Amino acid sequence: MLDQKYVMDGLYNGIVEQMKTCGFDPQFPAGTPKGGTAVYAREQAFVMDFAGSKGRLRLVYSGDRIHLLSGAVDVDVSDDTAFNLDSTFLFVASEYDERDLKSLVNEINEYLEDAYKAKKQIVSKSKAPQTVSKAAAKSGALAYDPITLASKLAGMFPELKDDIKENMDAYGEFLCEDFFVNHANEKVMGVIRENNPQRMKKLFNILGEIYEDGTNEVQSLIAVTVLGPINNEPTIIQRILPYLSDTMLEPVLAANKRLAKSKSAQLRLEHPPAYKPKKQKRSGGILQNLMGGGNPGIQR
């Protein structure tokens, strides 16, 4: 169990160098001791501010959410509503541990690099993946996609970051079947087998959030490719049931039943079709292909 002040101090120490690299210096409250962090308490929240020639960034930890706010150089710092909501990160201090804090630091550092770090002329063979923000997904402006799911999981499993980059370098785009079948699924199933309640909740919070406001493609990806390898094993199904959202429950169970009965469907899942560049993707995604019907959820 961690408290919010401890989390924010740890977060500050973990992201301050990345903030500086991105052009934002910490803004220390008056009376901060030498060597202290820029974190300060405000009503029922903890806050830290950064500023530079590009503008201002503010992190506000309230409830179980850490909100990243952005504003102009001359933004009214006394009013959070004068800022723009840039992104939101889940962190349940009473349930998460040091590993989760480390994952949060990695996730925010990666987000800062993608969103604010000055681009070099040559970074890699592929461009940094463009992900969908929580604000855009919740407003309905955009829907979560496979690369956003991959990036969210890389926040929990930092070793997947290199796999994402290698995937995009190899194919010139993000080939989600290759990434999940060969890399991410092993991490997901490892958490499910471990059955640590905190880790399980964190994992399924990610899957549930993406599924709820995701495209049909990413919903199919979660129900079939990611959770299909459970293969309808009764013990594992019972283990994950408390963590499945109402929206995910029926598709996940249906996909598992179908895969358990169909050897050909299992083979298609384990051995995705060979990559064919510039091939138009089917709108229904994997779940429709395996189940032979429509996929419940939002088509965007």
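Observations on the model:
- Working from the Cα coordinates of region 12-126, the gyration tensor eigenvalues give, after taking √(5λ), semi-axes of 22, 19, 14 Å in decreasing order.
- Residues of region 237-260 with amide N under 12 Å of a point placed 7 Å along Cα→Cβ from N195: 237-241
- Selection from A150, A136, L112, by position along the positive dipole direction of region 112-248 (Cβ): L112
- Under the Debye formula (equal points on every Cα, no solvent term), log10 I(q)/I(0) of region 162-269 at q = 0.12, 0.20, 0.24 Å⁻¹: -0.41, -1.12, -1.47
- Given K102/K152; K54/K152; K138/K201; K5/K202, the pairs whose alpha carbons are separated by over 24 Å: K54/K152
- Sorted largest first, extent of region 54-201 alpha carbons per principal axis (Å): 48, 43, 29
- Radius of gyration (Cα atoms) of region 215-256, expressed as a multiple of 2.2 N^0.38 Å: 1.05.
- Three-way shape call for region 14-81 based on the alpha-carbon gyration tensor, with the a/c threshold at 1.5: rounded
- Average accessible surface area per residue within region 1-142, 1.4 Å rolling probe, Å²: 54
- Tensor-based shape of region 121-214 (alpha-carbon gyration tensor, a/c under 1.5 rounded, otherwise prolate or oblate): oblate
The values are calculated or read from the model by the stated rules, or taken from the named source; none is laboratory data. Predicted, not measured: the structure shown is a model, and the values here were computed from it. Neighbour counts run over all protein chains shown; Cβ positions are idealised from the backbone, glycine included. Protein only, heavy atoms only, side chains kept; ligands, DNA and RNA dropped before computing areas. Shrake-Rupley method; radii C 1.70, N 1.55, O 1.52, S 1.80 Å.
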